Amino acid sequence: MGCVSMLNVEGLTKFYGETEAVRDLSFRVDAGRILGLVGPNGAGKTTTLRIVSGILPETRGRIEIGGQDLKSNPVGAKSLLAYVPDMPNPFDNLTVMEHLRFTAAVYGVPDVESRAARLLDEFELTPKRDALASELSRGMKQKLAISCAYLHDPKLILLDEPLTGLDPRGIRTMIDSIREQARRGAAVVVSSHLLELVEKVCETVLILHRGRKVLDGTLDEIRAAITELQKEASLEQIFFHATEEGQRA
Amino acid sequence: MPSPPHSASRGLLLLYGLLFKGRVRRMFRGLGRPKNFLLFLVGVSAFAGYVALVCFGGAAFRVEASAIRLYGPPAMALFFLLSALGSLNYPGIPFLPAEIELLFPAPVSRRALLLYKVLSAATALVVAAGFMALTFTWLSVNLANAFAASVIFMLLLGLGSQIVSLALAGTHERLRARVGRAALLVAVLALTGGAIITVNQAPNLPADVLRAALESVPGRVALFPFGIVTEILLAGTAPGLLAWTGAGTLLVVLALWVLIRLDVDYREASIAASQRVQEMMDRMRRKGSVFAAERSRGKGVKLRMFPRWGGAGPLFWRQATSLLHNARAIALVVLGALVIIVLAYHSATEGEWAPLEATLTLTFFSTFVLGMMLQYDFRGDLGAVEILRTLPIRPAAVAAGQILAPTAFISLIQWVALTVLVVLRPDLWPWLLAAGLAAPLLNAVLIGMENLAFLVYPVRMTPGTAFDFQHMGRSLLMGAVKYIAVSIIGGAAFAAGAAAYVLTGRSILAGGVAASTVLTAAVVSVTYLVSRAFLAFDVSSDLPA
């Protein structure tokens, strides 16, 4: 299972007007693997996730999701993925359950009631199933977005700062669920500033700086590649080393 | 696993239905509470009364069909053009943030998503057309004609704007700016030329020019869709109405076909448009006012910090600085001053009651209209109430500091207008001087009442407040209470002034002092009440969601 590529990004470049946000970025994520996407503010992490999820068009490059080209077959590619933004904005006038019903309809999910009940239970949203999204706290909105994302058993899950706004129990549930999704065979990309989380949960790491890839691989591979650092260097030390090197360059 | 793409359209339709249901649910929310139910009843009754008035009492004023045929199509075309010019500055179809986050990554084709958006927008446009029909029934044969014409016009307008938006979505900002400037220049030149011709030539020339333009080939082509809308308005028989509405529907279908066939990748432009709309909504929600939608553009005039005055000074300075940072507010102030001067002078040039007319005109247009618009006080500070509560300033000083900025700016406009009037009509100077002394006090009373009403029942502008009967009822009730209170205070001041004037042998000074004393007492009382309302304001429950 580990060698089936679920996400393949080649030469991804994105310009906003004349500003280059991402430059010639290539990486892949295999089924059942968790990739940590890290980088300072403005490194291009969210832009990369939004392009891979089909929200933004790329300027150049090629993206394949489960072997489906995102540009030539967007519907087929998108049916395999789920995206959770850093600050979810659900529909204010819809209830929690209505969000799940609509998501199930869009992705053609059968037995929505039982699946929804399981997810609501897992993320402690059952008491809020009939509450309007506008009545939810930020953490609850995050949980709702994650429930909607998991509803159709996606093959690729893109999570942008997934722990923002969650309480300690929610954080533990979220981490467990990310691992569970990977065990199920999904490829997961987690973008986060919480380097400890990335170190704990992700098997591979991709460090972005000013829109460019500065390092990627498993932590051991990265440590081996940086001779200046000790063998037991933490991701935080690696991060500062890589981004400060980039700064000097 | 699941995810057959063909189910996506069903999902979009389900979403459309759920959102519609959600909006209706919002309209009826909280009706279990007596206060909300009462406000809802007031709103519904006022709306029903208005509809009844339009349906059964609106025949008093009708416009000649020939005039509607002559002026209607170019007027509609101008409106359409202005709407298209707006798209030049801000291209892109704005999706809701939730739609971007949930639908853009979903297995939905771009066209299906566009059709969903057109359907959503069309529903809102049809509702808006209903209100438009009620407003413009007097231009039509009856309400049915007005409604059919409004629906077709609004759909053409909406689709036309979306076509322009999509067509421009991929173009460069500088190119759009150039096209926009060129179009604006042409429009200004055309209007200026038209105005010069109108002023210098025979009085019936504008009609002749319009008639010739309408009958020319380019005129017929450009105004063809709006000609159809005009015929829907004027169709005298049911078959005629059906036929013209059918023709209009064909035009709508054609516009829809063009929109779909354009097949532009609208995602980036839509996200940018959505972000702009969202920022506007956020500003309105945070500040609690529809007038806060526009972003402050420049730093404007710099003010030196005012003396502390127990804490009221810095608050006054903050609101005044905010006002000066807002280019639109400044433009409004200048425009307001011009309108007031023209109107007041026009009133004051003839007749025995000239001074009174001038003063009333001045009071109404400056105090009431500008008082509603310049919300640089508690009304535009909803998001900052929590901060204000933490400041080491007495509530009375907070209240005074908050209401001083609009009071001062309106007074400034009035003094400019009064000065111009003194120059134009030197004989009226004692009256104008008395008005100049009383003006800040009356302004403070009105602004204080506006703030008191707001703090007692705060409201936050959201998209859901449009067509919201509770909101409508609240506005009507609070408006009535506010203006009755101001009328009583104004009446008392006028009575005191008149009594002193008569009793002192027609001394304008004595009258002015008496009226000002009553108004000063009112200012102190209203400021005290505002400070009590500010103290009683519970940020945990009074901040509307």
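Rule-based calculations on the coordinates, nothing more; no lab input. If you're wondering where the values come from, they're calculated on a predicted model, not measured in any experiment. Note that we place each Cβ from the backbone using ideal geometry, even for glycine, and neighbour counts take in every protein chain shown.
For the reader, a short list of remarks on this structure follows.
- Alpha-carbon centroids, the range A:1-75 and the range B:117-172: separation in whole Å: 40 Å
- By DSSP, the beta bridges lying fully in chain A are antiparallel in about 55 percent of cases.
- Inter-chain Cβ neighbour average for residues B:19-29, partner chain, 10 Å: 3
- A Förster distance of 45 Å, applied to the separation of the beta-carbon atoms of B:Ile488 and A:Arg129, puts the FRET efficiency at 0.30.
- The distance linking the range B:370-445 with the range A:184-199 is 57 Å (Cα centroid to Cα centroid, whole angstrom).
- Counts of other chain beta carbons within 10 angstrom of each beta carbon in peptide A:74-80 average 6.
- Positive-end extreme of charge dipole, the range A:67-150 - chosen from A:Val96, A:Val112, A:Ser79 (charges on Cβ): A:Ser79
- Computed from the Cβ-Cβ distance with R0 of 22 Å, the FRET efficiency linking B:Val186 to B:Val221 stands at 0.80.
- Comparing mean-square fluctuations of A:Pro57, A:Pro168, A:Pro154 from a GNM of chain A with C-alpha springs under 10 Å, the top value falls on A:Pro168.
- Residue (of B:Leu12, B:Ser45, B:Val24) at the positive-pole extreme of the range B:10-54, dipole from beta-carbon charges: B:Leu12
- Ellipsoid semi-axes in whole angstrom, largest first, where each is sqrt(5λ) of the Cα gyration tensor of the range B:10-54: 28, 17, 4
- When each of the peptides B:155-164, B:112-121 is scored by the mean number of other C-beta atoms lying within 10 Å of its residues, the order from highest to lowest reads B:155-164, B:112-121.
- In this calculation the C-beta distance from A:Gln230 to B:Ala144 is compared with R0 = 51 Å, giving a FRET efficiency of 0.05.
- The range B:64-78 - phi-based ³J(HN,Hα) in whole Hz, Karplus 6.51/-1.76/1.60, Gly and Pro as x: 4, 4, 5, 5, 5, 5, 7, 9, x, x, x, 5, 5, 4, 5
- If the segment from B:Tyr457 to B:Val422 were pulled out straight at 0.36 nm per residue, it would be longer than the present Cα-Cα gap by 8.5 nm.
- Protection proxy ranking, peptides B:315-321, B:406-412, average beta carbon neighbours within 10 Å, highest first: B:406-412, B:315-321
- Among A:Leu197, A:Leu151, A:Leu229, residue whose mean-square fluctuation peaks in a GNM of chain A (springs only between Cα atoms under 10 Å): A:Leu229
- Fewest-first sequence of A:Leu81, B:Leu85 by Cβ atoms within 10 Å of each Cβ: B:Leu85, A:Leu81
- Given A:Lys200/A:Lys231; A:Lys78/A:Lys200; A:Lys45/A:Lys155, the pairs whose alpha carbons are separated by over 24 Å: A:Lys78/A:Lys200
- Across peptide A:49-56, the average count of Cβ atoms from other chains found within 10 Å of a residue's Cβ is 4.
- Sorting the segments B:70-77, A:18-25 by their mean number of nearby beta carbons within 10 angstrom, highest to lowest, gives B:70-77, A:18-25.
- Label-to-label distance, A:Ser114 versus B:Cys55, with points set 7 angstrom from Cα along the beta-carbon direction: 5.2 nm.
- The Cα trace of chain A gives Rg and Dmax of 18.2, 56 Å, the first to one decimal, the second as a whole number.
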